[in-house]
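Asker: Submitted below is the structure of interest, expressed as structure tokens.
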């Protein structure tokens with residue numbers, strides 16, 4: 001698996017420089033804006049799932065393989081599938 005780019009998001013972080021400098025993540029209710037999803041889909045996502053969804057969206061779709069476990073799925077399920085794919089297992 002090759003990682004050619006990345007995108008990071010967390011409350012209080014404004015860019016890659018904040019991550020590199022070691023700035024502390026703020027404890028706030030700030031949530032990423034997911035304007036590309038319908039409100040019904042956003043409503044069912046937790047904070048970590050919103051952060052993950054925004055990061056994947058910002059990377060674009062030029063990856064060799066890009067898939068979701070379910071429109072309503074959880075990050076835990078997605079992680080298991082990604083791990084299986086990375087290890088060369090069947091999906």
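The values are calculated or read from the model by the stated rules, or taken from the named source; none is laboratory data. Since the model is a prediction, treat every value here as computed from it, not as a measurement. All Cβ positions, even for glycine, are placed from backbone atoms using ideal geometry, and neighbour counts span all protein chains on display.
Asker: In the range 38-60, which residues are outside any loop (DSSP other than H, G, I, E, B) and either exposed (fewer than 11 other Cβ atoms within 10 Å of the Cβ) or in contact (Cβ under 8 Å) with a residue 60 or more places away in the chain (or both)?
Answerer: Of everything in the range 38-60, those that are outside any loop (DSSP other than H, G, I, E, B) and either exposed (fewer than 11 other Cβ atoms within 10 Å of the Cβ) or in contact (Cβ under 8 Å) with a residue 60 or more places away in the chain (or both) turn out to be 39, 40, 43.
Asker: Can you pull out the residues in the range 13-37 that are closer than 23 Å to residue 74 by Cβ, over 15 Å from the mean Cα position of the chain (by Cα) and surrounded by 10 or more Cβ atoms within 10 Å (Cβ to Cβ)?
Answerer: Across the range 13-37, the qualifying residues are 25, 30.
Asker: Would you mind telling me which numbered condition in (1) modelled with pLDDT of 70 or more; (2) at negative phi; (3) exposed (fewer than 10 other Cβ atoms within 10 Å of the Cβ) residue 81 fails?
Answerer: Going through (1) modelled with pLDDT of 70 or more; (2) at negative phi; (3) exposed (fewer than 10 other Cβ atoms within 10 Å of the Cβ) one by one, residue 81 breaks only (3).
Asker: Additional query: Kindly evaluate residue 5 against the criterion of being at pLDDT below 80, part of a loop (DSSP other than H, G, I, E, B) and over 18 Å from residue 78 (Cβ atoms).
Answerer: On the way: at pLDDT below 80: yes; part of a loop (DSSP other than H, G, I, E, B): yes; over 18 Å from residue 78 (Cβ atoms): yes.
Here the answer is yes, as residue 5 does meet what is asked.
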